Amino acid sequence: MSTNDAPGWWRSAVIYQVYPRSFADSNGDGVGDIGGIRARLGHLRDLGVDAIWMSPWYPSPMADAGYDVADFRDIDPVFGSLAEAEALIAEAHATGIRMIVDIVPNHISSAHPWFQAALASPDAPERDYFWFRPGRGDGGSGDGSGDGSGDRMPTDWTGEFGGTTWTRAPDGAWYLHLFTPEQPDLNWEHPVVKAEFESILRFWFDRGVDGIRIDSAALLFKDPELPEVTDGAPHPFHDLDAVHDVYRSWRRVADEYPDRALIGEVWMPEVDRFTNYLRPDELHAAFNFDFLGCAWDPEMMRACIDRTLQAHEAVGAPPTWVLSNHDVTRHVTRYGRTDTTFSFDNNLDGTPVDLELGTRRARAAALLSLSLPGSAYVYQGEELGLWENESIPPEAIQDPMYARRGHTRDGCRVPLPWAADEPPFDFTEGDPWLPQPAEWKDRTVQAQTGDPRSMLELYRSAIRLRRAEPGLHAPAMTWLDAAPGVLAYTRGTDFACVLNLSGTPVPLPEHTRPLLLSGPLEDGGLLPPDTAAWLRTAHTEPRG
């Protein structure tokens, strides 16, 4: 019997996202690869993470940085080979690090053999694996009949990247793509599609992968009537109920293997709809985007934490705490703005940023996220305190979202700085695929290693303490009475975290000694604004 209450590594793990194009390059072509990851595995060992989540590394034309997959059972040559991937999995396991791979079920690449066969003939069986429909207008009735020659798209849906969602095939029919035209959506009503992805899961589980991260998990099904998006009406392709049958079948596959996890990317504003994906027979965990997008505000942050804990407790699933990933503005930059929230609908690119303030808040946020109950995700580079590179020349931008929405995610995908005083900072031998800020010379792994004031050493210390501290293995937390603008809570019997989001220094609660500080205390032992402390407490009274 599946149950989310059973022990599992994913319930409290620190999971590190590797974006392979930008982690480390081993062959000098400017693009990160598996050889670079293997060579730098010691960095992740020293950081102390429990698992690696690998962004897509499959064969792909790279229309959307690998999220347009042409073959889920191989590795793109730019990254290496399947044999190298298997070696990385084995080496990570030998280091004590688990491996999670990214699966993209909503769509595949237009270069995939299925889609090429579907384009070749209207009578090809593969056409039913996708959403081919006639257009509206002369020659296309829009009701599933006609020869497909209607000159208007079947719907006026807006894509997830903005822009339109239909492209016309050479024979006049239209096919659906919620992302780019190079990413045709699959028809999840078709049994061949369902069987293929269950086979893909087994392929990677058989190779020792410990978990599957599911991209765009809520988008798989579409209303076959193709209604327009209308306020007050059910959405035609967001979170349709049929998607849960897919994840129940995937859970059964995962349960065939010991200690495997399914982790969903579920952008869902309604908490009850979000937690549906975490019922005991579905996914093991899902990303907490509510926390990621939350403002640096004490009331909003506490409400977000309470909302998260209550929602996950109701289904017995572990909360997850995420500050950044490959799709969102790095939180050093977000926290340095006047508006500290994140939303794809609110483009803040180019607005003023106080990087000193953002870094101070990011240090405090690290201690917050790493001390809350559940699992924590670290996006590569956040342990170095990297900020968003908002100075990429337009001609160098590669993100397809830029053309459709005017916002680029490339700024958070810039290659990591490892050593040296100037780009490419030992990432590669020549020019990296995206330019690095020269100001990152103080943010390299080499520059920060051994510096107790650095972001890197803060993360290393926090993750080491998280592993060793009994209180941080307790299943719950208890809020403490605190001054306005201060969040304070206990874990276990003698651990407390205090985060000062007010504008003035505050006294710390009764304690025997600090365990870790995100920044120095002021005279008199006061905790400065935008600073967090982990404390050893002899005894702490919970809030009544």
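The values are calculated or read from the model by the stated rules, or taken from the named source; none is laboratory data. Given the structure is predicted, the values throughout are model-derived calculations rather than measurements. When we count neighbours, we look across all protein chains shown, and the Cβ atoms used for this are built from the backbone with ideal geometry, even at glycine. Ligands, DNA and RNA are excluded from the accessible area calculation, which covers all protein heavy atoms including side chains. Shrake-Rupley method; radii C 1.70, N 1.55, O 1.52, S 1.80 Å.
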Open item on the list: Can you tell me which of (1) buried (at least 19 other Cβ atoms within 10 Å of the Cβ); (2) in a strand (DSSP E or B) is the one T167 doesn't meet?
Closed with: (1)
- [ ] Among the residues of the stretch 334-364, write down those that are in contact (Cβ under 8 Å) with a residue 60 or more places away in the chain and part of a helix (DSSP H, G or I).
- [x] L357, T359, R360, R361, A362, R363, A364
TODO: Sort out which residues of the stretch 479-517 are open to solvent by 20 Å² or more (accessible area, probe 1.4 Å) and within 24 Å of G8 (Cβ to Cβ), and write them in order of number.
DONE: G492
Open item on the list: Given the criterion out of contact with any Lys or Arg (no Cβ under 9 Å at 6 or more places or on another chain) and buried (at least 19 other Cβ atoms within 10 Å of the Cβ), identify the matching residue among L278, L262.
Closed with: L278
Open item on the list: Quick test for you: out of T320, T329, T333, pick the one residue that is at pLDDT 95 or above and farther than 23 Å from P415 by Cα.
Closed with: T320
Task: Flag for R453 being open to solvent by 20 Å² or more (accessible area, probe 1.4 Å), at pLDDT 95 or above, among the charged types (D, E, K, R) and not in a loop (DSSP other than H, G, I, E, B) - done: no
TODO: Please note which helices (runs of 4 or more DSSP H) are completely contained in the stretch 222-316 and include at least 1 residues that are free of Cβ contacts under 8 Å to residues at least 24 places away in the same chain and either within 24 Å of A474 (Cα to Cα) or in contact with a strand residue (DSSP E or B) (Cβ under 8 Å, 6 or more places away or on another chain) (or both).
DONE: 289-292, 298-315
TODO: Go through the stretch 172-203 and count every residue that is assigned to a loop (DSSP other than H, G, I, E, B), surrounded by 17 or more Cβ atoms within 10 Å (Cβ to Cβ) and not polar (S, T, N, Q).
DONE: 9
TODO: Could you identify the single residue in R491, R513 that is touching a Cys at 6+ places or on another chain (Cβ under 9 Å) and at pLDDT 95 or above?
DONE: R491
TODO: For the stretch 62-74, name all the residues that are buried (at least 21 other Cβ atoms within 10 Å of the Cβ) and either over 17 Å from D215 (Cβ atoms) or of a type in the set (D, E) (or both).
DONE: D64, D68
- [ ] Could you please let me know if A476 is open to solvent by 20 Å² or more (accessible area, probe 1.4 Å), of a type in the set (A, V, I, L, M, F, W, C) and touching a residue at least 40 places away in the same chain (Cβ under 8 Å)?
- [x] yes
TODO: Collect the residues in the stretch 452-494 that are touching a strand residue (DSSP E or B) at 6+ places or on another chain (Cβ under 6 Å) and of a type in the set (S, T, Y), keeping them in residue-number order.
DONE: S461, T478, Y489, T490
TODO: Consider L82 carefully, then state whether it is free of Cβ contacts under 8 Å to residues at least 60 places away in the same chain and either open to solvent by 10 Å² or more (accessible area, probe 1.4 Å) or under 22 Å from L201 (Cα atoms) (or both).
DONE: yes
Open item on the list: Any residue at all in the stretch 63-76 that's in contact (Cβ under 8 Å) with a residue 60 or more places away in the chain and hydroxyl-bearing (S, T, Y)?
Closed with: yes
Task: The listed residue being modelled with pLDDT of 95 or more, within 30 Å of V486 (Cβ to Cβ) and surrounded by 15 or more Cβ atoms within 10 Å (Cβ to Cβ), out of A285, A217, A254, A303 - done: A285
TODO: Please determine, by comparing only the residues of the stretch 391-406 that are within 20 Å of the chain's Cα centre (by Cα) and open to solvent by 80 Å² or more (accessible area, probe 1.4 Å), which one is farthest from G159 (Cα to Cα).
DONE: Q398
- [ ] Exactly one condition in (1) of a type outside the set (V, I, T); (2) at pLDDT 95 or above; (3) under 17 Å from P400 (Cβ atoms) is not met by P154; state its number.
- [x] (3)
Task: Matching residues in the stretch 32-53 - criterion: being open to solvent by 20 Å² or more (accessible area, probe 1.4 Å) and of a type in the set (D, E) - done: D46, D50
